[in-house]
1. Could you check A:VAL377 against (1) farther than 20 Å from A:ASN424 by Cα; (2) within 14 Å of chain B (Cβ to nearest Cβ); (3) of a type in the set (A, V, I, L, M, F, W, C) and say which number it fails?
2. Collect the residues in the stretch A:249-258 that are part of a strand (DSSP E or B) and away from chain B (no Cβ under 14 Å), keeping them in residue-number order.
3. Kindly evaluate B:PRO756 against the criterion of being surrounded by fewer than 21 Cβ atoms within 10 Å (Cβ to Cβ), touching a residue at least 40 places away in the same chain (Cβ under 8 Å) and out of contact with any Leu (no Cβ under 9 Å at 6 or more places or on another chain).
4. Tell me which residues, restricted to the stretch B:132-155, are in a helix (DSSP H, G or I) and buried (at least 22 other Cβ atoms within 10 Å of the Cβ).
5. Within 30 Å of B:GLU208 (Cβ to Cβ) and assigned to a helix (DSSP H, G or I): is that true of B:ALA701 in this structure?
6. Does at least one position in the stretch A:387-400 carry a residue that is out of contact with any Asp or Glu (no Cβ under 7 Å at 6 or more places or on another chain), surrounded by fewer than 16 Cβ atoms within 10 Å (Cβ to Cβ) and within 14 Å of another protein chain (Cβ to nearest Cβ)?
7. Applying the selection to the stretch A:271-295, what residues are outside any loop (DSSP other than H, G, I, E, B) and either surrounded by 15 or more Cβ atoms within 10 Å (Cβ to Cβ) or of a type in the set (A, V, I, L, M, F, W, C) (or both)?
8. Picking from A:GLU207, A:GLU238, A:GLU268, A:GLU231, which residue would you name as being more than 14 Å from every other protein chain (Cβ to nearest Cβ) and either surrounded by fewer than 17 Cβ atoms within 10 Å (Cβ to Cβ) or not polar (S, T, N, Q) (or both)?
Amino acid sequence: MEEQPHFRVPLSLLLFLSLFLLPTSFSSTHDLQILNAERRIDLTSHIIKVYLTLKVENLGTSPASEVHLAFSPAEAEHLAIVKAAATSGKRKKKTYIPLDVKSAELPDGPNGTKFFTVTLLTSLNKGETATLEVLYILTHSLEPFPVEITQSESQLVYFRDSAILLSPYHVKEQTTFIKTPSTRVESFTVVDPAKRAGTELKYGPYEDQPPYSYSPVLVHFENNNPFAVVEELEREIEISHWGNVQVTERYRLVHAGARHKGAFSRVEYQTRPDATGVSSFKHLLAKLPPKVHSVYYRDEIGNVSTSNLRTDYRKSELEFQPRYPLFGGWKSTFVIGYGLPLQDFLFESPDGRRYLNFTFGCPLTQTVVDKLILKVVLPEGSKDPTAVIPFQVDQHLEIKYSYLDVIGRTVVVLEKSNVVPEHNVPFQVYYTFNPIFMLAEPLMLSIAIFLFFVASVSYLHADLSIRK
Amino acid sequence: MNQRGKISSQTPQLQLHSPAPYHSLVFSISKSHSQTRPLRFSQPPLTLSGSQTLPAAVALPRLSPSPRLASTLGFTLNPRVASPPAPFSWPSMAASDAPNGDVLIRNAFGSVLAFLILLLIGVLAFSIRLFSVIKYESVIHEFDPYFNYRVTQFLTKNGIYDFWNWFDDRTWYPLGRVIGGTVYPGLTLTAGTLYWFLHSLNIPLSVETVCVFTAPIFSAFASWATFLLTKEVKGVGAGLTAAALLAMVPSYISRSVAGSYDNEAVAIFALIFTFYLYIKTLNTGSLFYATLNSLSYFYMVCSWGGYTFIINLIPMHVLLCIVTGRYSSRLYIAYAPLVVLGTLLAALVPVVGFNAVMTSEHFASFLVFIIIHVVALVYYIKGILSPKMFKVALALVVSIGLAVCCAMVAVIIALVASSPTKGWSGRSLSLLDPTYASKYIPIIASVSEHQPPTWPSYFMDINVLAFLIPAGIIACFSPLSDASLFAVLYIVLSVYFSGVMVRLMLVLAPAACILSGIALSQAFDVFTRSIKFQLPSLSDHSHIDARDASSENIVPDDTIKTDKSEDTPKERMTKRSKKKEKEPVEKPPTKFQIKKRLSVLPFEASIIAVILLVLLVAFYVVHCVWAAAEAYSAPSIVLTSHSNDGLHVFDDFREAYAWLSHNTDVDDKVASWWDYGYQTTAMANRTVIVDNNTWNNTHIATVGTAMSSPEKAAWEIFHSLDVKYVLVVFGGLVGYPSDDINKFLWMVRIGGGVFPHIKEPDYLRDGQYRIDSMATPTMLNCLMYKLSYYRFVETDGKAFDRVRRTEIGKKYFKLTHFEEVFTTHHWMVRIYKLKPPKNRIRGKNKKSKSKTSSTTTSKRKGTRRNPF
């Protein structure tokens, strides 16, 4: 997940050396083999989802409890999330049990290969098999070609991958399905057997591929889905113990598809909406929590007037438009803010601490966030904040001064890059808070007003004239 | 202080501070004059306030030998005034009333009530201006406020020293503009201070919020200042009425709704407050107030170019006082420090600088400054010489003085004549000669707020006040005091100026409110008193007091107006003489009025009149609320229209500016007509060629010429200015009337004024700018036409322009040197990009062709005085 370029070179060198020095040290990796691998790559949006089903068998003598997944450097760079689940049961009664996935290092991988380790629930004994479902998501992996298009052209992109699954294990049989958004596929690399039917490309089945086999393929196809990328999103969640959670989200949005070239003709855009600017987008949808109130949508020069809020008891949906339709390369910035009732998000844990339970990630649907900065502004006077998140993020603390603060509010800052909608999972921030601090500001105000009156009264009753 | 004794006792907190500086001052004067005849006494006794009574009483014995002198100076001494020597000043009087608990409670109640009313007036003034925020949004309005907002942003970000030294390279490309030296900094500094203050309290309001709400806050201040000023003129009742009227006068609302972040918003407050301090000084003769007055004048100079109104009105008032024989030492104290300190302070403001002593607008004040010194000298000499000697001296001085004056006048005329515009700036000249601007300076005439107003705009902007003003003027004349003379002069001058330039309605509005407040309050006084003493229940104890005998010379009260100031000394006297009596203090004057004068109006007539007045005021309130809600709350950058399917929002301007700011390079130059310059720099953060600060006529003419030239010539002009984008505003699709085609005549006129090859008749058919099939070829080929109507025909097939209500003349054409890069949703803003220059060598044929064309253009360039 996290890219660590400064590590990669010396590490791979080390791995390369270790390949020669210790050829048999980690033999257990070779004890496993993959009986059947099926890969389904979904290219319909600019967020690429890959569903991988692996059937693993232990050939070795010792029990194996870990399965490694390998990713090429290009994939590893754009990898947003890797999830794995163990399946059990037959078709109808299939159950998924999520498994722990961790980044790992293997000594014998080719240069730059990045590994993830899936820990199985029960270790596999000799001859046993297990079925794994893996989902991983790639962003920024569709390269527009041509790089610049005019208003009337549609957007064509390249997708690069391997026809054969990159794996540290021997793969007995494998198939790859690639789903394209439309039937328009300009070209694709043929690695026999490969065939195309409708919106689906099928590579395989290939049999008996040795570890680390790789066969690059290039698919050139049409993709007019909005390439909405938020370059930076700053979410500020401010807790007030007076009953409100105020969320402010600052977006820097860009259309990351093929860049717009030449003129933009409004008359064409308005009169023939399905023939021009097909890759552009003007609507965005944000899924907000239920019971949202005081929603605003504005940018640095004022309100943006095109928005629509639908609320029901389960969710709220904010449909809005940027000021202008976004063509390739066009940017826009805006702010969305809303208030939420405190009791839905703030709870007291058994040990007396309070915790905020909120959703990580970006509320916009179908968007990639290159950099997400999430700030939880705790009330003035809260102490010992700790954040609990199911994946790794950068954390630090800040101090923010808001309305009439004296000592400032503690801000828990969580930063993560390459965030996709799958990251919208709850996280918790625990802190201790003494309710007496709630009264600090009202008391301050009352004292100030009281002093003002006292000063007025004393001024009116004092004779300040020099001459008596 | 105020003329109504009863009220002044009710508001002790407002005047507690005044006695100290006042007494010390007055005593020093009386000491210096102790051996002479008391010239000081020639002040009108009728306007004496509580504190002023003191020296009057002390010096009384010396007064009697010279009644002749007093009468020659135009005053009739009222013997009542001086009869009982009052040993204390007024507030201590109130304290000595302490045993009278009833009075005390009543007084306290009155002052608390007045305070609450003022508070509510402030709230009203603030909240009536929030319609724009509620109906639209919290956003900066229109054009100039965007510049002020941008300057404030710079100030809060970079601090005051960078602000003074700010050279703005984002505007007037390639010339730039020295912002620190060419801007009136008052508004910016005010908002900046407010911002820093709030942030020092950790109240994180954005600069925009502070700017949006600066104007409403200062409107509240302005209505309080109006209260103070009117209180000085005619008492608390009139003050409260005037403040309430000003809080919602539409003329002022138009410039101070939330978001209208313009100089006038704070300047009107500064104007009224300066006048208040001037009148206060005039009434008290206190140097303390004179100094405050200079500071307030300084703030006004910082805020608005309209400060010249002050520096001309006050000298005129002083002159009028001198001419009508109202000279007094108080007048001297009110005026002389203001001129000296005020001019020194004004010269500190970079944008004014040496103009404070060098331009003709300020000469009146210096002339009067000299005159007042001469007059003061004459009075002094008159005081130390015997009448005979004085006549001799007078003859001598007059002859010498005439000679000196002639010399002075000659010098001044020479000075004035040596400066090109005779020392007057164009705007000021157009004030004196309303036709000046339209004749000679199209750039001034092209600004809508510089047009003379129409009659409906008077009704719109000051409404019923227009009918109340004459009544107010009459009220000011009975009796005439220095302060009420000032009010009269103020209204007369501001009516004249407002007739010249619609923007100066703003100066008229406070004057109208003050006089209407006086009129209304006096009228209500008379009517309610008439009703009160004819009510059967009250008439029982409206017995005649014995003390009525002492009050003989109460002015008849036939007119609607009563003369409050006449009552004042009388009330005070009665109160003083009878302070042991347990009688309500405010009753007596009215009581003997009813008995002696029979000045009360018939009961029914009074009731009807009161009802009519209330209706009139109600109409005013309804009109003001309507004006605030409907007419003046639109921010003009976002337009709305109501149709059958609900509210429709036209947010095209911001759409275009947002597009420019996010999708063009940060150093790109955008050319547009100057109206949109401020908004482009503030909202899109792009460099513009010209903006609303129309300081360089040639530069504006260059853009005007480009807009009215054919495409190629325009491309060359724009290219020479490094322009990358051209922005035009087009209302033809949705019917937005103030678009560039309607402003086109000014582009032609201003452009043609500098570059003679642009001839206005080329664009005119039958004396009109037409864009239909009757349009001239020059018009149909000019850049503005092409950029506005490019591919317009494809929208409806007919190319029907909804503003001009006609089909356009040339429907199908192509652009060769420009490329449409953005058009907003309703086509209101269209942005074009200059195509890059073509490669030069394209075969011989084309080469020769381009050669000929380049020679023609270079020839044209020769005739043009293009500075680039």
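The values are calculated or read from the model by the stated rules, or taken from the named source; none is laboratory data. Quick caveat, the model's predicted, so the values are computed rather than measured. Glycine gets a Cβ as well: all are built from the backbone with ideal geometry, and neighbour counts include every protein chain shown.
1. The single condition A:VAL377 does not satisfy is (1).
2. Of the residues in the stretch A:249-258, the ones part of a strand (DSSP E or B) are A:249-255.
If the condition is that a residue be part of a strand (DSSP E or B) and away from chain B (no Cβ under 14 Å), then A:GLU249 is the only one that fits.
3. On the way: surrounded by fewer than 21 Cβ atoms within 10 Å (Cβ to Cβ): yes; touching a residue at least 40 places away in the same chain (Cβ under 8 Å): yes; out of contact with any Leu (no Cβ under 9 Å at 6 or more places or on another chain): yes.
Yes; evaluated as a whole, the condition is true for this residue.
4. We begin by selecting, within the stretch B:132-155, every residue in a helix (DSSP H, G or I); these are B:132-135, B:144-155.
Selection gives B:SER132, B:PRO145, B:TYR146, B:PHE147, B:ASN148, B:TYR149, B:ARG150, B:VAL151, B:THR152, B:LEU155.
5. Working: within 30 Å of B:GLU208 (Cβ to Cβ): no; assigned to a helix (DSSP H, G or I): yes.
Against the criterion (within 30 Å of B:GLU208 (Cβ to Cβ) and assigned to a helix (DSSP H, G or I)), B:ALA701 does not qualify.
6. Checked against the condition, which is being out of contact with any Asp or Glu (no Cβ under 7 Å at 6 or more places or on another chain), surrounded by fewer than 16 Cβ atoms within 10 Å (Cβ to Cβ) and within 14 Å of another protein chain (Cβ to nearest Cβ), the stretch A:387-400 yields at least one hit.
7. Narrowing the stretch A:271-295 to residues outside any loop (DSSP other than H, G, I, E, B): A:271, A:281, A:284-288, A:293-295.
Scanning the stretch A:271-295 gives A:PHE281, A:LEU284, A:LEU285, A:ALA286, A:LYS287, A:LEU288, A:VAL295.
8. Just a single option satisfies the conditions, and that option is A:GLU207.
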